[in-house]
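The next block holds one structure in the form of C-alpha cells; read it before the comments.
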Amino acid sequence: MGKISTLLDEVAEADIKNVEVNYRGIFQKTLARKICKTLVYAAKEEERTGFSYGRYSDAPERNGVPCKYFAVVAEMSEEDLEAEAGAKIEPNDVNVSIVVDDTMVKGVEPWGFSGIRPINEKVKLGGTLLVVSERSPLELLKNVAKKDFPYKIAVVPGKHSFSGLWVYKDDFTDARVLGALARIEPDIVGLEALRKVVPEKLGAEKIDALNDGYKSVIIKSIAPGEGIDWPYSIPTLPKWHEFKEGIVVKSVARGGRNEDYKRFTTRTMRPVIRFDTCIKCDLCWYACPDECFDPTPDGLFDVNYNYCVGCGRCAEVCPVPNTIVMVDELKFENNDSPYHEYKKDKEAYIEWADQKMGEKRVNYPFVTGTGLIEENVKKNDGEKG
Amino acid sequence: MAEEIVFEKIKGIHKVPREEFYSSGHRTCEGCESAMVMRMFSKASGPRTIALGTTGCMYVANTAYMTTPWVIPWMHTQLGAGGSAALGTSAGLRALMKKGKIPEEKINTIAFCGDLGGADMGLSAISSALQTDYDLLIILYDNESAANTDIQATGMTTWGAQTTFTPTGKVKRIMQTRWKKNVAGMLAAGHPNVKYIATAIASFPPIDLLNKVRKALSAGGPAFIHTLDPCPKGWDYHPRYSDKLGELAARSGIFPLYEIDHGTAKLTYNPPKPRVPVKEYLEKQGRFAHLKDEDFQYIQQRVDSMWEDWEIPGIIPVRNGTIRSEK
C-alpha cells in the first residue's frame, strides 16, 4: 500500500510544473505577483490548470528581505492540483527559479533559523535558474552553490527592477521575464499563449518586451560540480521539547548581537566608507536602525556588514560628500571589517574604497516606484552618494 | 549592587550612551524608524528596564523564529494589552519590593504598542493604566497603519492615505476618510493622574526622544509617549529617507511635538513660520500618489486650523466652551 501511494505521488509530481520567483520584499512584491499571475492565465489559455501564491512564512513581509512567490501549472483538475500542491509552504523543487534581483545569488536568509541558503537550492535536475541581471551567467556562477546534477543558468539582460508598492514603476521586466520563460520551458508556458494574455493582463504595449525577453535570454548549461562550495550551514530548528518553559528565548549578552539572525542577505547595496574624510560627527552611528556601527578608540565607526541591510540612511545623513557611498553588493566578496583593513594599510584601503565607489552615483527618488537614476558626479564635488 | 539609572538630560549626539540594549539582528524593514524608537528608548532607560511589547511589527520582527535582539528583559503581550501589561508588571515589582522579596530599587517598566494595538484596540487598557499611581511608561509607536499584517488602515492613518483597506479606485479616489486621532491630547485631557505625556519623532529633533523618555521615567508616575514613525514599507518611500520624512512631519506641523509635564503643556518644537507646506511631506510618499491639489489643500487647511484655531495649538481642540469638529 505504501509503495503504491509513493508511486502515485511520483507520477503526480512529474506532471506538475513549479515556478518560483525570488524577490525583494515589498520593493518587488507587485512585480513577482504579476509574473506569477500572468503565467497562470497563460496556462489556462492552453487549457491547463494553475494557481499562484506567496510563501506564507514570508509574511509579514519586510522591505528588502528575500521572499518567494510561486506559480504551479499542471494538466489535471483544479481539485487534484490543489490537493497535490495547495497545502505546501513551498514546493520541494522547481522547474524554474526566477530571480528578479541578482544580488540574491549570494544567498537568501528570509528569517532566523532558516540559514543562508543557496539561490539554486530548489532548482531540479535539468531545471533553470533565471536571473534578471546585467552580468553573464558565468559571473553569477561565482556566487552560486554547486549542485550534483546538471541544470541551466539563464540571464534576462537588465537592471533589477525595484518597482515599488503603491506606485508601480513599469519597466516591462514582468513581460521580459515571461518571454524568457517561454523560451526556456515552453512546456510550462508557450509564447503564443503569452501573446494572447499579456496585452490583456499586463498591457498591450508590452508585446515587444515579451518578444524581446524571448529573444535576448542567454542560457548556459551548468555541469555537476560547477559553482562554489556553499560556505554556510543550515541550522536545525529546536524541537518542541527543547524550548524553555514559557517559550523563553535567551537574551543577547551586553555588548553582543543576535548571533542567530545575521541578516545581510537583505542588502542590495552596502555603505563603503572613506575613514580619512570622516569628521567624526557620529550621525551614521546615530541614524542606523540596525545598530551596525561600532565605535572605535579613535572616534571612527567600524561597520559590521553581517548585520547591515543596506538601507542607506547612513549615506543620507553623512554631511561630507563621498564619505559614505552605497555600492552594489555583488562587487564584494566578504563581510570583513573595513576599519581593520583601513588600520592595516590606510592608502591601500582608500584606493580600494575609491575604486569600489566608482565615478557614478545613484540619485534616489523619494518614491521607489518612480525609478532610480544613475548619474555621473565629479569626485568630492557636488551631490553626495 | 545593581547599576543606577541615569535620568540626566543628554546634551548632544556625542553624549548619547554608546551601549545598545536593543541590538542588531532583527527582522525589520530596511530603514525602519520603529526599530529606532526601540533602540532610542532602551538607550535612554538603560539596563535596569523591563520592556513589554504588544503584538505588532516590533513584536514579530524582534522574535523571528526563536531569536531576539533584546539585551534587556522583554515580554510579548496581546495586541490590546499594552496598558494592562505595564500596570501588572509595575504592580508586581512594587509588591515584591514591599514584601522584601527583591531589593528596593527603581526598575523602569516600559510597554510599547503600535497604532492598532495602542490607539485603537488597546486604548482602554492604556486609559486604565494612566489612572493609577504606578510608575510606568507606555510608548505608542505610530506608523499610521497595521504594517505588520500588510498595511491595513487604523484609526491613526492620515486622511487620504492608501492602505490595503483603503485602496484608491476609479470611482472613489479617497477611501481613508477618517481623520487621525489625537491620542496624546485625548489622554492628557482625561487622565488627571498622568505625570508626563509627550509626542516625539525618533529622528527629529535629534536626541529629543531620548530626553523625553528620561523625563517620562523620572516623572514618578504613569507616563505616555506617542512617536510618529515614518514607515518605508507602508508609506512607500525609499528607506534612506526615514530621517527626512520625520523632519518634514515636524516642520510642516502635521505632527505637533509637545510635552505635558505634570499638567503643564509646552511645544517642544515650534515649526518656524511660514511652515513647510504639508504637500512637501505628502508628495514624498507613494501612499499619497493619488491625491490631487484639492486634497492637499484640504489637509493643509486642517493642519492650519490645528495651529491657528485650537485653544492649545496642536494639542487641545477646544475653544469658548465648544469642542471644534471641523468637516
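Bear in mind these aren't lab numbers, they're just calculated from the coordinates by the rules spelled out. Note that the structure is predicted; figures quoted are calculated from it, not measured. All Cβ positions, glycine included, derive from the backbone under ideal geometry; neighbour counts span all protein chains shown.
What the table shows:
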item	result
Chymotrypsin sites (Phe, Trp or Tyr not before Pro) restricted to the range A:128-233 and DSSP loop, no more than 10 other C-beta within 10 Å	none
Separation of the A:Ser221 and A:Ala59 label points, Cα + 7 Å toward Cβ, nm	4.3 nm
MRE, 222 nm, helices only [DSSP H, n ≥ 4, -39500 (n - 2.57), over chain A, to nearest 500]	-8000 deg cm²/dmol
Amide proton proximity set for B:Leu52, modelled H, under 5 Å, gap of 5+	B:Met75, B:Ile110, B:Ala111, B:Phe112
In Hz, Karplus ³J(HN,Hα) per residue of the range B:212-218 (6.51, -1.76, 1.60; θ = phi - 60°; x = Gly, Pro)	5, 5, 5, 4, 5, 6, 9
12 Å beta-carbon shell around B:Ile139, net charge (K/R +1, D/E -1)	-2
Student exercise, the range A:230-385 dipole from Lys, Arg, Asp, Glu Cβ charges, in Debye to nearest 20	320 debye
Label point distance in nm, A:Ile279-A:Lys244, each placed 7 Å from Cα along Cα→Cβ	4.6 nm
3J(HN,Hα) from dihedral phi, the range A:123-128, Karplus parametrisation 6.51/-1.76/1.60, rounded to Hz, x for glycine, proline	5, 8, 3, x, x, 9
Assigned charges on the beta-carbon of Lys, Arg, Asp, Glu; the range B:150-237 dipole about Cα centre (debye)	240 debye
Inverse mean reciprocal Cα-Cα distance (Kirkwood Rh) of the range B:13-313, Å	19.5 Å
Dipole of the protein assembly as shown [Lys/Arg +1, Asp/Glu -1 at C-beta], most positive-end residue of B:Ser90, A:Ile153, B:Met40	B:Ser90
Size of the range B:181-327 as Cα extents on the principal axes (Å, biggest first)	45, 38, 26
Pairwise label distance in nanometres, A:Asp345 with B:Asp261, each label 7 Å out on the Cα-Cβ vector	5.5 nm
Using distinct alpha-carbon pairs, which all enter the 1/r mean, Kirkwood radius of the range A:164-203 in Å	10.9 Å
Distance from the range A:188-247 to the range B:111-138 (C-alpha centre basis), Å	45 Å
Kirkwood hydrodynamic radius over Cα pairs of the range A:264-376, then Stokes diffusion coefficient at 4 °C and 1.567 mPa s, in µm²/s	90 µm²/s
Cβ charges +1 (Lys, Arg) and -1 (Asp, Glu), total dipole of chain A, debye	580 debye
Computed FRET value (nearest 0.05) for A:Arg135 with A:Arg254, which takes r as the C-beta separation and R₀ as 51 Å	0.75
Pairs from A:Lys169/A:Lys201; A:Lys17/A:Lys169; A:Lys106/A:Lys152 whose Cα-Cα separation, in the structure shown, is over 22 Å	A:Lys17/A:Lys169
Using distinct alpha-carbon pairs, which all enter the 1/r mean, Kirkwood radius of the range A:13-222 in Å	16.8 Å
Candidates B:Ile126, B:Ile110, B:Ile299, ranked by Gaussian network fluctuation over chain B, Cα under 10 Å, top entry	B:Ile299
Whole-Hz ³J(HN,Hα) from phi, Karplus 6.51 cos²θ - 1.76 cosθ + 1.60, for the range A:247-262, glycine and proline x	6, 7, 10, 5, 6, 7, 5, 4, x, x, 9, 6, 6, 8, 9, 8
Ratio of Rg to Rh over the range B:138-260 (Cα coordinates, Kirkwood Rh, two decimals)	1.01
For q = 0.07, 0.13, 0.15 Å⁻¹, Debye-computed log10 I/I(0) when each Cα of chain A counts as one equal scatterer	-0.36, -1.13, -1.39
Most positive-pole-ward Cα, A:Val197, A:Val132, A:Thr30, against dipole of the range A:13-222 from beta carbon charges	A:Val132
The range A:67-183 - convex hull of alpha carbons, volume per residue in Å³	145 Å³
Amide proton proximity set for A:Leu165, modelled H, under 5 Å, gap of 5+	A:Gly369
Residue-averaged [θ]222 nm for chain B, counting only DSSP H segments that reach four residues, each worth -39500 (n - 2.57)	-8000 deg cm²/dmol
Convex hull (Cα only) mean projected area of the protein assembly as shown, reported in nm² to one decimal	34.6 nm²
Range of Cα positions in the range A:97-158 per principal axis (Å), largest first	33, 26, 18
Given charges at Cβ of Lys, Arg, Asp, Glu: the protein assembly as shown dipole, positive-most of A:Cys67, B:Met75, A:Gln355	B:Met75
For A:Glu134, residues with placed amide H under 5 Å, excluding near neighbours	A:Gly158
Using a Förster distance of 35 Å, the FRET efficiency for B:Glu8-A:Glu90 (Cβ separation, nearest 0.05)	0.10
